[in-house]
Amino acid sequence: MTIRVVVADDQDRVRRGLRRIVDASSGMRVVGEAADGVQAVMMCRALRPDVALVDIRMPRRNGLEVTRLLAGATVAEPIRVVIVTTFDDDEYVHAALRAGACGFLLKRSGQAMITEAIRAAVAGEALVSPAITVRLLDQFAARSPVAAAASDASPLSPRETEIAGLVARGLSNTDIAAELVISLGTVKTHLTNITGKLGVANRVGIAVWAWERGLLADRERFWAGDAER
């Protein structure tokens, strides 16, 4: 199956560069290019690509608005969005993940990581630039889990909270099933309930929630976004 990709960026040279990367990679091709956010939304809704590569700063609608419209929690048929941007400001990262993005890369990431992020998105996983994830972990680890728990009562059951922590550690559905000795179908049902209760679009949103509540105690098992699962 060929992975169909839409590229949205207001700079011609960036779109050309991303098209070269995608079209040169086995099993994927660019099916459309958008120069602004409004065009990106219209094009993606018309073409229904497997993945949209979206810049943060674009005219008419920025990348965060585009992400919410294409991949937000209220979207009936979401499209997988990977943010590819020059800007790695923490507010952008947090906002993009909460909006439903399933990846956040810097434009300097290079061909291998960009194509890996596309394949990860199609597989239902996510990839975030390692440098960003390390910084995020440092920030979330600095927060007090006790304070987080006191300031925000969890809507999840103990089992759902446990699964959210495993998702944030990077375990696949199969890994979670083996870890908890439950069926794969049960894991999927829990994940559906978790995303609904938290109001997030995907497992990246679950991971952000877990990070913020201090559920990751073991830095060495932190998920940096590798797509080999």
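Summary of values
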| quantity | calculated |
| --- | --- |
| Shape call, the stretch 26-118: gyration tensor on alpha carbons, a/c limit 1.5 | rounded |
| For residue 174, solvent-accessible area (1.4 Å; no DNA, RNA or ligand), Å² | 90 |
| Largest-first ordering by accessible area, 1.4 Å probe, given options 175, 50 | 175, 50 |
| Fully extended contour minus Cα-Cα distance, from residue 48 to residue 186, at 0.36 nm per residue | 46.7 nm |
| Residues with amide H under 5 Å from that of residue 104, placed H, sequence gap 5 or more | 83, 127, 128, 129 |
| Selection from 8, 30, 100, by position along the positive dipole direction of the stretch 1-110 (Cβ) | 30 |
| Loop-located trypsin sites (Lys or Arg not before Pro) in the stretch 1-101, at most 15 other Cβ atoms within 10 Å (DSSP) | 57, 60 |
| For residue 87, solvent-accessible area (1.4 Å; no DNA, RNA or ligand), Å² | 70 |
| Rounded to whole Hz, the Karplus (6.51, -1.76, 1.60) HN-Hα couplings of the stretch 111-117, x for glycine and proline | 4, 4, 6, 5, 5, 5, 5 |
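The values are calculated or read from the model by the stated rules, or taken from the named source; none is laboratory data. These numbers were taken from a predicted model, which means no experiment stands behind them. Every residue, glycine as well, gets a Cβ built from its backbone with ideal geometry; the counts of neighbours run over all protein chains shown. What goes into the accessible areas is simple: the full protein's heavy atoms, side chains included, and nothing from ligands, DNA or RNA. Shrake-Rupley method; radii C 1.70, N 1.55, O 1.52, S 1.80 Å.
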